[in-house]
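Scroll down for the structure; my scribbles are underneath it.
Just so it is clear, none of the values below were taken in a lab; they were calculated from the coordinates. Everything numeric in this text was worked out from a predicted model, so none of it was measured. Cβ sites come from the backbone with ideal geometry, for glycine too, and all protein chains shown count toward neighbours.
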Amino acid sequence: GYGAPAAYAAPAAGGQDHMASFEARDSSWGTAMPQLTGKEVGGGETDLTEAKVWGEGEVAQPYTTFNSCQFPKPIMASIFNLGFAAPTPIQAYCWPVSLQGRDVIGIAKTGSGKTLAFLLPPFTQFLGSRPGRGPSMLVMAPTRELACQIQ
């Protein structure tokens, strides 16, 4: 089948989960924000009244403006040059969680900004890291259309 070999899919009996010790490379990503419990949130410049968020533990407060994101200057310049006014709801909720090194599952309609929601956090890490040998980031896309959009 597809995917990782069975040896990587789950820890051996009595063994350690190889992903359990994963931590974000830079714990200073994002901003310390007031925490919310898993509930609906609204307000800010981005309309979040229809967004629903659930999570284990604390759910980070969404970024409702691009200025609150504190992305590196090259990313911020591109955002403003492209004429974006405010993060979309999927971006507002995904970025603070992703920048904390946590996993995110986001479901949103076509054209909602999902691609930027999942790509800007790794670009932020990439811009803040030292050049190394070999690839620095791997982006996989499920369709040709999305691969062309990402490129």
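The Cβ shell under 15 Å around VAL139 holds other residues with a net charge of +1, Lys and Arg each +1, Asp and Glu each -1. Couplings 3J(HN,Hα) of segment 79-91, computed from phi: 4, 6, 5, 7, x, 5, 8, 7, x, 6, x, 5, 5 Hz, in residue order, whole Hz [Karplus 6.51 cos²θ - 1.76 cosθ + 1.60, θ = phi - 60°; x for Gly and Pro]. You can think of it this way: the chain between ILE150 and THR115 has 11.9 nm of extra reach, that is 0.36 nm per residue less the Cα-Cα gap.
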